[in-house]
1. Within the range 231-270, how many residues turn out to be closer than 23 Å to GLY411 by Cα and out of contact with any strand residue (DSSP E or B) (no Cβ under 8 Å at 6 or more places or on another chain)?
2. Residues that are open to solvent by less than 50 Å² (accessible area, probe 1.4 Å), within 14 Å of the ligand (Cβ to nearest atom) and over 22 Å from ILE171 (Cα atoms), at least 1 per element: which helices (runs of 4 or more DSSP H) completely within the range 26-129 meet that?
3. What tally of residues in the range 164-181 results from selecting those that are open to solvent by 20 Å² or more (accessible area, probe 1.4 Å) and not charged (D, E, K, R)?
4. State which residue pairs qualify: first residue free of Cβ contacts under 8 Å to residues at least 60 places away in the same chain and inside the range 243-258, second residue open to solvent by 50 Å² or more (accessible area, probe 1.4 Å) and not in a loop (DSSP other than H, G, I, E, B) in any location, beta carbons under 7 Å apart, and separation of 6 or more residues or different chains.
5. Checking LEU315 against (1) at pLDDT 95 or above; (2) open to solvent by 50 Å² or more (accessible area, probe 1.4 Å), which test does it fail?
6. Got a number for residues in the range 371-396 being closer than 15 Å to THR239 by Cα and touching a Lys or Arg at 6+ places or on another chain (Cβ under 6 Å)?
7. Could you check THR239 against (1) within 30 Å of ILE396 (Cα to Cα); (2) among the polar types (S, T, N, Q); (3) assigned by TED's automatic domain parsing to the domain that holds THR76; (4) surrounded by 23 or more Cβ atoms within 10 Å (Cβ to Cβ) and say which number it fails?
8. Out of the residues in the range 262-307 meeting the condition of being farther than 22 Å from GLY210 by Cα and open to solvent by less than 20 Å² (accessible area, probe 1.4 Å), tell me which one is nearest to the ligand (Cβ to nearest atom).
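The values are calculated or read from the model by the stated rules, or taken from the named source; none is laboratory data. For clarity, every value in this text was computed on a predicted model and none was experimentally measured. When we count neighbours, we look across all protein chains shown, and the Cβ atoms used for this are built from the backbone with ideal geometry, even at glycine. Remember, those area values only see protein heavy atoms, side chains included, never the ligands or the DNA or RNA. Shrake-Rupley method; radii C 1.70, N 1.55, O 1.52, S 1.80 Å.
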Amino acid sequence: MEKLIITGKTPLKGEVTISGAKNAAVAILPATLLINGVCTIENLPNISDVKLYCNILETLGAKIEWKSEHEITIDTRNITSNKAPLETTRKFRASYYLIGSLLGRCKAAQVGIPGGCNLGNRPIDQHIKGFESLGAVVEVENGNINAKAKKLVGNSIYMDVVSVGATINVILASVLAEGITTIDNAAKEPHIVDLANFLNTMGADIRGAGTDVIKIRGVKELKGNATYSIVPDQIEAGTFMCAAIATKGDIVIKNCITKHLESITAKIEELGGNVDANGDHLRVWYTKRPTKVNIKTLPYPGFPTDLQPQMGVVLSTAQGTSIINESIWESRFQYTAELNKMGAHITAQGKTAIFEGVDSLLGAPVTATDLRAGAALIIAGIAAKGQTEVYNLSHIDRGYENIEEKFRKLGAKIQRVDE
Ligand code: EPU
């Protein structure tokens, strides 16, 4: 079993370059199934979820050639199956995008009920409602989702909740449908805009991505024959912003879209920290103890739930008592029990956690309960006095490229060992 050993109390200093966005990559890869041609994708993050997705696409008949560590060409002219490998798709959440893309391409899809991080109940009723509005019949049987349609016809779909996954899945299913699909109360996250830009580059007609009304005019075919570069990862950039403040460091974050980081920038400034945005660079620094702030997670452009645990580490040593209200996932405070093992004083109940700031965290053995919790525990280990061991690294490897290497370059004393 692998673990990270971190010797802490190191202020991070230097530069870090952000990789392509995980949550855009895991939407764009299945979107290639809608193309009857070849495309090139650049700036792919080198993470295990991307490798898993490429394997799935190959089992469906796609031909993938790795041009470099971050660039592939995909030939999707000969898709031979609409049945995704069930065991693999059950392993991660974003496999549900295969339903929308296979339905769009083949008018039929069979996918295992998606797994992924345990963040509480993760229903897909809005995805199913969207597919059904377009004319599909969807059945959930023996742990699998079966969807089929004689034809898909555009419709108006109102999302009862703002859902990233359902918005993306309806876009995927409607790109090749007849007529116009309108999604009202759509999610506005940067990776939704990135998916729409990718599909439009390949020949789709999608308008309004990034607002809460998206219109998709169905086209006959996506020809591909184009190159697309994935947007930088907003959450990875925010993770390093939190790391700079938690460790009392001073770092420059390169290759980020500062507009995507406004909510986290506002919170860092509110707690006393400094953020200087300059083109695609961001300098973040603070050598003092942060003051308390309250946070409520919200869909974009609100404060992202995927940065809540990393910010929780900052607040665990802030001056005073901070409150985080988690409005997206019911079980996203599992990391607080791990931080308490490191001397934090956090009381989490339901969707609220109260952080009574302590002077310093103390190293301890801790376990990553999910992807972002894992990133938070690494930050905590670098900020804490003494030695921290972080277990359950597979969660972290799903979504962060070379995480320990990036932290090591910033001065962290961190190594991966296989016990
Ligand atoms: N929801 C429903 N019904 C649905 C879909 C969602 O009630 O049919 C509810 C969920 O229970 C949740 C809320 O709507 O309370 C938002 O869920 P959403 O569908 O937006 O989440 P998701 O698509 O499953 C994506 C990211 C998550 C991120 C959330 C929120 C991917 C692959 N995953 O999940 O990322 O937390 O959006 O921003 O894009 C992560 O990267 O660590 C991660 C968990």
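1. The total comes to 9.
2. Helices (runs of 4 or more DSSP H) meeting the threshold: 48-59.
3. 4
4. Listed by first residue and then by second, the contacts come to THR258/ALA277.
5. Looking at each condition in turn, LEU315 falls short on (2).
6. 1
7. In the conditions (1) within 30 Å of ILE396 (Cα to Cα); (2) among the polar types (S, T, N, Q); (3) assigned by TED's automatic domain parsing to the domain that holds THR76; (4) surrounded by 23 or more Cβ atoms within 10 Å (Cβ to Cβ), THR239 misses (3) alone.
8. Among those that are farther than 22 Å from GLY210 by Cα and open to solvent by less than 20 Å² (accessible area, probe 1.4 Å), it is ILE295.
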